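Novice: Supplied in structure tokens, the structure appears directly below.
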Amino acid sequence: MTIFKLNDQYSAICEYKSTRNGFKHVAHLMSNGFEVEETKVCYFNRTWEPYTYQTVLSKLIETSQFLSPELKDEFSTKLRQR
């Protein structure tokens, strides 16, 4: 499990899980310690991401119904700078 602090209020908790066909990355969007959204990305082989969980974090932010467009832009920029 890896925690990505997005700002003082928001963070994302990411984890790896095995599946019968490969594996998946699951990301949980947390607001003040409470989970508000979750998303997953399934893989059949290894990933070629610049850093672990990049794809699932991007999907979590882009598809979020909870975050404002301004926060989505802020968090996306922050994650691209990793």
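The values are calculated or read from the model by the stated rules, or taken from the named source; none is laboratory data. All figures in this text were calculated on a predicted structure; none of them were measured in a lab. Glycine gets a Cβ as well: all are built from the backbone with ideal geometry, and neighbour counts include every protein chain shown. Note: accessible area is taken over every heavy atom of the protein model, side chains too, but ligands, DNA and RNA are not part of it. Shrake-Rupley method; radii C 1.70, N 1.55, O 1.52, S 1.80 Å.
Novice: Quick one: count up the residues across the range 1-41 that are in a strand (DSSP E or B), exposed (fewer than 13 other Cβ atoms within 10 Å of the Cβ) and in contact with a Ser or Thr (Cβ under 9 Å, 6 or more places away or on another chain).
Specialist: So the count comes out to 2.
Novice: Does any residue of the range 59-77 turn out to be touching a Lys or Arg at 6+ places or on another chain (Cβ under 9 Å), among the polar types (S, T, N, Q) and in a helix (DSSP H, G or I)?
Specialist: Checked the range 59-77: no residue is touching a Lys or Arg at 6+ places or on another chain (Cβ under 9 Å), among the polar types (S, T, N, Q) and in a helix (DSSP H, G or I).
Novice: Look through the range 57-78, keep the residues that are of a type in the set (Ser, Thr, Tyr) and touching a residue at least 24 places away in the same chain (Cβ under 8 Å), and return whichever of them is least open to solvent (accessible area, probe 1.4 Å).
Specialist: Among residues in the range 57-78 that are of a type in the set (Ser, Thr, Tyr) and touching a residue at least 24 places away in the same chain (Cβ under 8 Å), the one least open to solvent (accessible area, probe 1.4 Å) is Ser64.
Novice: Now, a different point. Would the range 27-37 turn up any residue that is touching a strand residue (DSSP E or B) at 6+ places or on another chain (Cβ under 8 Å), hydrophobic (A, V, I, L, M, F, W, C) and within 15 Å of Leu79 (Cα to Cα)?
Specialist: yes
Novice: Here's a follow-up. Given the conditions (1) open to solvent by 80 Å² or more (accessible area, probe 1.4 Å); (2) farther than 16 Å from Lys5 by Cβ; (3) at pLDDT 90 or above, and given that Asn45 satisfies all but one, which numbered condition is not satisfied?
Specialist: (3)
Novice: Identify, by number, the condition in (1) without any contact (Cβ under 8 Å) to a residue 12 or more places away in the chain; (2) among the hydrophobic types (A, V, I, L, M, F, W, C); (3) in contact with a Lys or Arg (Cβ under 6 Å, 6 or more places away or on another chain) that Trp48 doesn't meet.
Specialist: It is condition (3) that Trp48 fails.
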